[in-house]
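First the structure, in the form of structure tokens, and then the observations on it.
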């Protein structure tokens, strides 16, 4: 999952990035409202964490402009303001959730997970394809009841594929969602991680492979059928 953090307080922004990176998210951080809006409107993200008080363009304006462009990425607003009218203003601008500073990282994480549960192919916190399951709460992956141990990047790649099960996803889409903006990633890197996943998710189960290469699209599909 790929997250954009738009927050001008460097200490908070960097702490959020460190925590989310540890939780297998790809995270981009922007400290200015104008640059944040440019990133949010031109790149693909699964969640935006948006501070209200920003230099250049405030969070309310960013949120309104994104919604006016029919960009419906879930937005979690951060602010030091706790008055009801401020929260109402945030929600009316198009925000999906609201968190007041100071906050515990654990609460931020829970709220992000709630916002990213929305894809139609997700059922609660557990994603399922055939006998493969991925629990987004405890990061546990199992196939046929057997636990599979994955690296952070392998887990993030598998989660993205499972959230788009039965759909063809290109290498470019994978890079955009699994790696952060400034990562130096080539399409060959995706192939390497797909091989790592297959060695753990498919090869021990030769009767039914789930990760399929889709020729002509330079992409992959996680499905019971090729």
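The values are calculated or read from the model by the stated rules, or taken from the named source; none is laboratory data. Every value quoted in this text rests on a predicted model; they were computed, and no experiment measured them. Here the Cβ is made from the backbone with ideal geometry for all residues, glycine too, and neighbour counts use every protein chain on show.
For residue 176, the stated conditions hold: it is closer than 18 Å to residue 24 by Cα and in contact with a strand residue (DSSP E or B) (Cβ under 9 Å, 6 or more places away or on another chain).
Looking at the range 210-222, which of its residues are over 16 Å from residue 141 (Cα atoms) and in contact (Cβ under 8 Å) with a residue 24 or more places away in the chain?
Within the range 210-222, 214, 217, 218, 219, 220, 221 meet the criteria.
Of everything listed in (1) in contact (Cβ under 8 Å) with a residue 40 or more places away in the chain; (2) assigned to a loop (DSSP other than H, G, I, E, B); (3) in contact with a helix residue (DSSP H, G or I) (Cβ under 9 Å, 6 or more places away or on another chain); (4) surrounded by 15 or more Cβ atoms within 10 Å (Cβ to Cβ), the single unmet condition for residue 165 is (3). Summed over the range 127-144, the residues that are modelled with pLDDT under 85 and farther than 13 Å from residue 158 by Cα give a count of 2. Taken over the range 186-207, residues that are more than 15 Å from residue 142 (Cα to Cα) and either surrounded by fewer than 16 Cβ atoms within 10 Å (Cβ to Cβ) or modelled with pLDDT of 90 or more (or both) amount to 12. Scanning the range 1-39 for residues that are more than 13 Å from residue 180 (Cα to Cα) and crowded, with 21+ Cβ neighbours inside 10 Å yields a total of 6.
In the set 184, 207, which member is out of contact with any helix residue (DSSP H, G or I) (no Cβ under 9 Å at 6 or more places or on another chain), without any contact (Cβ under 8 Å) to a residue 12 or more places away in the chain and within 29 Å of residue 5 (Cα to Cα)? Full working, then the answer.
Values: 207 fails: within 29 Å of residue 5 (Cα to Cα).
Sole residue among the options that is out of contact with any helix residue (DSSP H, G or I) (no Cβ under 9 Å at 6 or more places or on another chain), without any contact (Cβ under 8 Å) to a residue 12 or more places away in the chain and within 29 Å of residue 5 (Cα to Cα): 184.
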